[in-house]
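Read the figures in this text as sums done on the coordinates, not as results from a lab. Since this is a predicted model, take the numbers as computed values, not measurements. Cβ atoms come from the backbone with ideal geometry, glycine included; neighbour counts cover every protein chain shown.
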Amino acid sequence: MLIHSASQLITIAGAPQRGAELGRLGVIEDGAVLIKGDTIADVGSSQALRTQYPDESTLDISGRVVMPGFVDPHTHAIWAGDRSAEFEMRLQGKSYMEIMAAGGGIASTVRATRAASLKVLMNETRQRLQRMFSHGTTTAEVKTGYGLHSAAELRMLLALLRLDLEGPLEIAATFLGAHAVAPEYQGRTDDYVTLVCDTMLPLVKGWWHNHAPFHCYPFVDVFCEKGVFDLDQSRRILEASARLGFPLKIHADEFANIGGASLAVALNAISADHLVATSAEDIQMLAQSNTVAVALPCTPFGLAESHYTPAREILEAGGLLAIATDLNPGTAWCESMQFAIALACRYLHLTPAQAIAAATINAAAAIDRSDRIGSLEPGKQADLIVLDIPDYRHLGYRFGTNLVQTVIKKGRIYPI
Ligand code: NIG
Ligand code: FE
C-alpha cells in the first residue's frame, strides 16, 4: 500500500536525538510511504514513489500530516477502580504525599486491583488502551505495581501479556513490585524489599520464562522517593534485578531529590523518569550517560503543581530526553500523548518539533525499541498516524481535541 500526498511526512529518521539535535524531524513535503505487510518498505516524495511503484494500491491522504505512531514510555495503565474522591480532597488542600501517608493513594488502588478478577481488570484496562490507541499511541510501556503481592502482581503481568496479544496497541511490560510498601508490610519497608528481591523477582523471572518465552524480559522499576523506597532500598532492588538479567527503570526525584537519577546512571538503567527535583549536578551526570531522561508533564499538571522537569537544562547538557503521559489513577489520568506534547511545549519549553521527537524516537529509546519503532524508515515496523492537520506545529499548539484521523499499526488501517 502506498500512502501518498501527505502535506508533511514526518520521518524522524536516524538515531535517537541527544541534546541540541532534538527536533530533527526529517520532513518530506508532499510525502509518501510504501508499506509491505507490517513493515515500511520505502519513504520519499509522492511523485517519486508513485512513479517507482505504479502498481501499488494507494491511499490518498492529501493535506494531512503523517508521522510515526506515538510511543508512550511510562504508564501505569493497568488498574481497577478510580480515585475521584482523592482528587476532590487534593482540591480541598491535602497533598498527594499526605493522602498516601494516611493509607490512601497507591494503597487504595491496590485494594481495588487486588479485589478485581482478571476479567474485570482486563476490561477496565482495555478501555484505556483503546483510548490511547485512538489518540495515536501505537506502543506503550505499562507497569504493574497495584498488586504488591506475588499473586496479584503476576495477575497484572498476565493481563498485560493477554492485552498485548489482543492488540492493536503493543505493550512493553514493567514489573513495579516496588511501587509502594504492601499494606501487610506497613512500617517494615526493609522486609518488603527483601520479599521483592528474594521472592518476587525470581518468581517473575521463572513465570516469564513459562508464559512469554519469546518475549524479551520486562523492565523492573522502583519508586525511589522520600517516604517510599530510599536510595539503599532502591539500589538493593535494582541490583538484584540486574543480577537476574532484567533491564532497569526508576522513578526518580518526583518530589524530593534523594539520589535516584545518579543511581540510574550508576546501574546503566534504560531510563530515569520524572526528574522534577533533580539537582544541577545530577542533570550533568544523567545527560552524559545513555540513560534516557523521561519527563512526565501530565503529573505536575494533574497535581496542580508548578514544578516541571528542567528539560531545557537536560538538553543543554546533551541529554536524551523523552516524554510520556504517566497515565495512572492518582496523579495523571491522561491517555493522550497529544496532551503531553501540549504541556511539554508550555512547561518544559520544548518546540513542537522537539516534543514530537521526544514522543517518538526518543520515547522508543526509553523502552529500548528504537531499532524497531519510533521513526518512518525502510525496515521499521509500519506504525503510523495520520493527523487531520496541515502542519506538524498544530501538535502542541492545539489541545483538548483528538487530531488523529487514522492509525496504522503493523500495516493494518484503523480509522478513528
Ligand atoms: O508516577 N510515582 C508513583 N507512581 C505514579 C502515581 C501512582 C498513583 O498515585 O497511583 C506516578 O506519579
Ligand atoms: Fe509513574
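Relative to the longest principal Cα axis of the chain, at what angle does helix 118-134 sit, 0 to 90 degrees, rounded to 10? Compared with the principal axis, the helix lies near 40 degrees.
Rounded to the nearest 10 degrees, the inclination of helix 150-166 to the longest alpha-carbon principal axis of the chain is 10 degrees.
Here, the range 257-299 yields an orientationally averaged convex hull projection of 2.8 nm² when only Cα atoms define the hull. Rounded, prolate or oblate, given the Cα gyration tensor of the range 110-202, with a/c below 1.5 counting as rounded? Taking the square roots of the gyration eigenvalues as a ≥ b ≥ c, the range 110-202 is prolate.
Tell me, in nm to one decimal, what length is gained between Ser62 and Glu166 on full extension, where the rule is 0.36 nm per residue of separation less the Cα-Cα distance?
Values: separation 104, 0.36 × 104 = 37.44 nm, distance 3.16 nm.
My answer for the length gained is 34.3 nm.
Going by average Cβ density within 10 Å per residue, which order do the peptides 350-361, 164-175, 181-192 take, highest to lowest? Kindly include the intermediate steps, with their values, before the conclusion.
Values: 350-361: 26.7, 164-175: 20.4, 181-192: 15.8.
Final packing ranking: 350-361, 164-175, 181-192.
Given the peptides 65-76, 377-388, 48-59, 110-121, arrange them by the average over their residues of other C-beta atoms within 10 Å, most packed first. Don't jump to the answer; show the numbers that get you there.
Values: 65-76: 29.2, 377-388: 20.9, 48-59: 13.9, 110-121: 17.0.
Going by the mean number of other Cβ atoms within 10 Å, highest first, we get 65-76, 377-388, 110-121, 48-59.
D by Stokes-Einstein for the range 61-140, Kirkwood Rh over Cα pairs, 25 °C, 0.890 mPa s: 163 µm²/s.
Looking at the range 70-365 from every direction and averaging, what is the projected area of its Cα convex hull in nm²? Walk me through the numbers before you get to the answer.
On the way: hull surface 53.8 nm².
The orientation-averaged projected area of the Cα hull of the range 70-365 comes to 13.4 nm².
Residues whose amide H comes within less than 5 Å of that of Val292, counting only those at least five positions distant or on another chain, are Ser271, Ala272 (H built at 1.01 Å from N in the peptide plane).
Taking the C-alpha atoms only, the angle from helix 337-347 to the longest principal axis of the chain is near 80 degrees.
Pairs of Cα atoms nearer than 8 Å and 6+ residues apart set the relative contact order; for the range 70-365 it is 18 percent. The packing ranking, built from the mean of other Cβ atoms within 10 Å per residue, places the peptides 281-292, 389-400 in the order 281-292, 389-400, highest first. Shown in residue order for the range 84-89 are the 3J(HN,Hα) couplings computed by the Karplus curve 6.51 cos²θ - 1.76 cosθ + 1.60 at θ = phi - 60°: 4, 5, 5, 4, 5, 4 Hz (x for Gly and Pro). DSSP beta bridges confined to the chain are antiparallel in about 45 percent of cases.
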